[in-house]
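The values are calculated or read from the model by the stated rules, or taken from the named source; none is laboratory data. Remember, it's a predicted structure, so these values are computed and weren't measured experimentally. Heads up, the Cβs are rebuilt from the backbone with ideal geometry, glycines too, and the neighbour counts pull from every protein chain shown. Accessible surface is based on the protein model in full, side chains and every heavy atom, while ligands, DNA and RNA are left aside. Shrake-Rupley method; radii C 1.70, N 1.55, O 1.52, S 1.80 Å.
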Amino acid sequence: MSSSTITKSALGEALNRLCEQKPFEKISISDITRECGLNRQSFYYHFQDKYELLAYVYYNELFKNITRGVTFDNWVERLEGFLQVMLKDKKFYSNTLKFNEKVFEQYLFKSMHQLFLRFFYHAVANTRKRSDKAKIFADFYSHGFCGIIIDWATGGMKETPHTVILQMKELAFENVSIGRGFIENL
């Protein structure tokens, strides 16, 4: 691991620990550098501000590998694992999302969109025809799933990740049934 990666990780871990103690908006750069034993100059060498550090933590802890290895057959388990990582650091995610969910939402939407495009193309693969509607379907489902996940996190993560994912899975499969009903009754 490079020294730059080690320094960034140390700053991210310091931010995570501080978010356990006080609201994100009250955490200063001095707090972060003091917590990990680095100076402000080291911080500013790697990040412009604490928001850029927060984006780095989100990306490296959650989003870097979310779509890697996900298939139509394992998406439920992978997404549940994603929520379990969030639950493990519940205070950090609840704290930072309550203050500013935009960065998190952008990463989550991009990841969900990639997954749903893949799923819609998989669903129509047997027809050998890629739908020009795949993007709008991916947009729709991505916004919905992002909303559910963010509401769960900002609401205190009261339900288990398993319960949340089962609800999302049920919703996805129920939509298939509803769609068939519309087609049959046209």
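Some values worked out for this structure:
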read-out: Exceeding the 20 Å Cα-Cα cut-off - candidates LYS90/LYS158; LYS8/LYS50; LYS64/LYS169; value: LYS64/LYS169
read-out: Peptide ranges 151-158, 55-62, 163-170 listed from the most packed, as the mean C-beta count within 10 angstrom indicates; value: 55-62, 163-170, 151-158
read-out: Shape call, the range 1-66: gyration tensor on alpha carbons, a/c limit 1.5; value: oblate
read-out: 0 to 90° range, to nearest 10: angle between helix 3-21 axis and the chain longest Cα axis; value: 90 degrees
read-out: Apportionment of accessible area to carbon and sulfur, the range 1-58, percent (1.4 Å); value: 47 percent
read-out: Pairs of alpha carbons in the chain whose separation is greater than 25 Å (percent); value: 43 percent
read-out: Relative contact order (percent, whole number), the chain, Cα cutoff 8 Å, 6+ residue spacing; value: 21 percent
read-out: Angle in degrees between helix 90-99 and the longest Cα principal axis of the chain, rounded to the nearest 10; value: 90 degrees
read-out: Whole-number accessible area per residue in Å² for the chain, which is evaluated in the context of all protein chains at 1.4 Å; value: 60 Å²
read-out: The range 12-104: trypsin sites (Lys or Arg not before Pro) in DSSP loop, at most 14 other beta carbons within 10 Å; value: LYS64, ARG68
read-out: Given charges at beta-carbon only (K, R positive; D, E negative), |dipole| of the chain in Debye; value: 380 debye
read-out: If the convex hull is drawn through the Cα atoms of the range 40-147, its volume per residue in Å³; value: 121 Å³
